[in-house]
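Participant: The structure that follows is given in the form of structure tokens.
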Amino acid sequence: MPIFIVLSIATAMEKTESATEIEETGNYLQLFFYRAPKKNHDSIAKNLKQFVPWFKKHGVRIEYYQFGNSETQAAIDSAKKSSMDVLDSIAKTLSTAEDEEEVWMEMQYFRDHKHCEDIYAKMMQDKSLEPLGNEFFSLVTQGKRINIGRFSRLRE
């Protein structure tokens, strides 16, 4: 039987984005998953927030989420009670050590693939981001890889 991974994202937006803003930056999604020691929570949150203005300046919408394992387990348990044993936790897939680590997800929205490639070329040349990047890599779980996926938006 196939294993389904369901991501449910809940967020309170500080401002309402217009349909035009979403359309301009929502056609191509780059998704990252990474783990960080729980003790680094405040430091990694502060670090990630410092990237937002740079991405925004370059026309990229970026969002960060911390995985809520207890909420996920509640959804899995509820599905099982309804005889729908088809859900599995992404924490299992990512092999997290629940007591010591937390999972973070980063979503970067681009106009299209070329926009993504252009932005990353700029990022690699921007030496002002180097200290921030080095700090980020020191805060995530060492010896673990960052998982990435790129997705194109389904159109009607």
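Participant: Along the Cα→Cβ direction, 7 angstrom out, place labels at Y65 and Q50. What is the inter-label distance in nm?
Facilitator: Reported label-point gap for Y65 and Q50 is 2.6 nm.
Participant: What does the extension gain come out to for H41 and R153, with contour length at 0.36 nm per residue minus their alpha carbon separation?
Facilitator: Stretched fully, the H41-R153 segment lengthens by 37.2 nm.
Participant: Considering amide H positions built from the backbone, and no H for Pro or chain starts, which residues 5 or more places from F67, or on another chain, come under 5 Å of its amide H?
Facilitator: Counting only residues 5 or more places away or on other chains, the set is V103, W104, M105.
Participant: In addition: Going by a ≥ b ≥ c, the root eigenvalues of the Cα gyration tensor, does segment 107-156 fall in the rounded group (a/c under 1.5), the prolate group (a/b larger than b/c) or the oblate group?
Facilitator: Note, shape of segment 107-156 comes out oblate.
Participant: Taking the square root of 5 times each eigenvalue of the Cα gyration tensor, what semi-axes in Å does the equivalent ellipsoid of segment 18-152 have, largest first?
Facilitator: 29, 21, 12
Laboratory data are not the source of any read-out in this text; all were calculated from the coordinates shown. For clarity, every value in this text was computed on a predicted model and none was experimentally measured. Here the Cβ is made from the backbone with ideal geometry for all residues, glycine too, and neighbour counts use every protein chain on show.
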